[in-house]
Amino acid sequence: MSDELLTPDEHVLSTLESDGSRRWLFPRVSLGKFWHARRIVGFALIAIFVAIPHVRLNNKPLVLLDITERQFTIFGYTFLPSDTLLLALLMISVFLTIFLLTALLGRVWCGWACPQTVYLEFVYRPIERFFMGTSGRGGVPSKSVPAYRKIAMYAIYLVLSMALAHTFLAYFVGTDRLRQWVTQSPFEHPGPFIVMALTTGLMMFDFVFFREQLCLIACPYGRLQSVLLDRNSLIVTYDHIRGEPRGKRKQGQGQGQELPIVEEPQGDCIDCKLCLRTCPTGIDIRDGLQMECVHCTQCVDACDEIMTRINKPTGLIRYSSQEAIETGVQRYLRPRVFIYPTLLAIVVSILAYNIINKKSFDVTLIRGFGLPYAVNDAGLIENRLQVKLVNRLEEEDTFQMALEPNILQLDGNGPTTIAAGASETISFVVIADRKDFVVGKIPATLKITSEKTQDERSIQCQIFGP
């Protein structure tokens, strides 16, 4: 049975037939205003996705997620493992932004900006339609495709997947290292070559085989929409009040529309199922808000085309909200629209403040192992301490340590030079006279100064004694 004739009741899931086999989707292309807008946005985003690893800010990549070196460069600022607070604030900012966008615009990310949607709908599927003989219209091929055309199609898929894999890896290894991998023989770097091959294979698997199932099965966003959306969130929805009950129009109605004759046409929906055939995830938007809907607006363009042909107002399927469909009133202002941006502004302000006031180096004070203190041959009290220094600069820096109050002596406080982006642990001994202790303690301040930037960090500590 052709997918063109199947009804939703004959499918267990949108990508699963009643007999348990995979339902391959060949969505029809609906060339409406949203499709043209999405194509412009999609090509612009592809250019941005490719360009980001090559763009540099502050002599650093715009984005570099170097997992092996545990350094994450975002918009020219490098986050280190010691930046726990900054990384937490950054992640909270990202989540709050997603919450706000979802509350205002629904799943606009999924349908308009997600790389999975962008590459699948505007790169891989157009190539498939070209070789399947359905360019410009999509749908199930009307005849079998010769083997040589399929081979050529998969060969192009492979080249594209390799290019996409290299772009993806550039976000994690940087363009300089990636350029070395590309220009050298695979035998000189077998590990990276295997990583590249596996990434290419994953790209092929995703965009050639798995496709829409990544959104339906693997991606958690659809399952989160039940808590991220409310009844006033903007979504792609079907106006069931205007469209129901569905019914066919009489033959001849609507600019030559060829439809079966029935006695009593009802709502504006003529049950042409074009919204179903054009959906890239295979759902029927008329069934209401569904996890599988990625808000790609293809059903909107398809329905508007039919409404125009039968001389009915467009917008039977449109961007709206559940509340607006039922009451006719769209509420844009509601508590979460104020709460999310307020929280986002607070978190971003704290993040910006911490980044602006961040020193050029990090310091962690560690007490030595063993007893809190020891008595040397001269009868003086010794505390063994360690300082871990992390140089955040792109050049080597020299650090000098000093200890207050002056009654304390610092043994091993010579200048320490640390390479760019490196860290070093320095051990030293604090010496004090027995008579200077009050209740077994001396409050102290360890000051560390950078020679390059003159930044100074002060750490409060306790020197223990009898």
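Structural remarks
- Residue within the stretch 176-188 that is open to solvent by 20 Å² or more (accessible area, probe 1.4 Å), of a type in the set (D, E) and farther than 23 Å from A44 by Cβ present: yes
- Residue among I241, I261 that is over 19 Å from T102 (Cβ atoms), open to solvent by 10 Å² or more (accessible area, probe 1.4 Å) and at pLDDT below 85: I261
- Residue match in the stretch 134-153 (condition: at pLDDT 90 or above, buried (at least 18 other Cβ atoms within 10 Å of the Cβ) and over 24 Å from L202 (Cβ atoms)): yes
- Counting only strands (runs of 3 or more DSSP E) that sit completely within the stretch 313-400, those holding 1 or more residues that are under 30 Å from K447 (Cβ atoms), open to solvent by less than 30 Å² (accessible area, probe 1.4 Å) and touching a residue at least 40 places away in the same chain (Cβ under 8 Å) correspond to 361-367, 381-391.
- If you check T200, T167, T175 for being in contact (Cβ under 8 Å) with a residue 40 or more places away in the chain, closer than 26 Å to W24 by Cα and either of a type in the set (V, I, T) or touching a Phe, Trp or Tyr at 6+ places or on another chain (Cβ under 7 Å) (or both), only one passes: T200.
- Residue within the stretch 178-191 that is touching a residue at least 60 places away in the same chain (Cβ under 8 Å) and among the acidic types (D, E) present: no
- Here V300 does not qualify as assigned to a loop (DSSP other than H, G, I, E, B), at pLDDT 75 or above, touching a helix residue (DSSP H, G or I) at 6+ places or on another chain (Cβ under 7 Å) and surrounded by 18 or more Cβ atoms within 10 Å (Cβ to Cβ).
- Condition met for L90 (more than 14 Å from G421 (Cα to Cα), among the aliphatic types (A, V, I, L, M) and in contact (Cβ under 8 Å) with a residue 60 or more places away in the chain): yes
- Qualifying residue in the stretch 29-46 (condition: at pLDDT 95 or above, under 17 Å from the mean Cα position of the chain (by Cα) and farther than 29 Å from D304 by Cα): no
- Residue satisfying all of: in the stretch 44-95; outside any helix (DSSP H, G or I) and aromatic (F, W, Y); least open to solvent (accessible area, probe 1.4 Å) among these: F79
- Restricting the first member to the stretch 50-74 and to residues that are in contact (Cβ under 8 Å) with a residue 24 or more places away in the chain and farther than 17 Å from S423 by Cα, and the second to residues that are open to solvent by 70 Å² or more (accessible area, probe 1.4 Å) and of a type in the set (A, V, I, L, M, F, W, C), the beta-carbon pairs closer than 9 Å and six or more apart or on different chains are V63/F75.
The values are calculated or read from the model by the stated rules, or taken from the named source; none is laboratory data. Remember, predicted model here, so these are calculated numbers, not experimental data. As a convention, Cβ positions derive from the backbone with ideal geometry for all residues, glycine included, and neighbour counts pool all protein chains shown. The accessibility values were calculated without ligands, DNA or RNA, using every heavy atom of the protein model including side chains. Shrake-Rupley method; radii C 1.70, N 1.55, O 1.52, S 1.80 Å.
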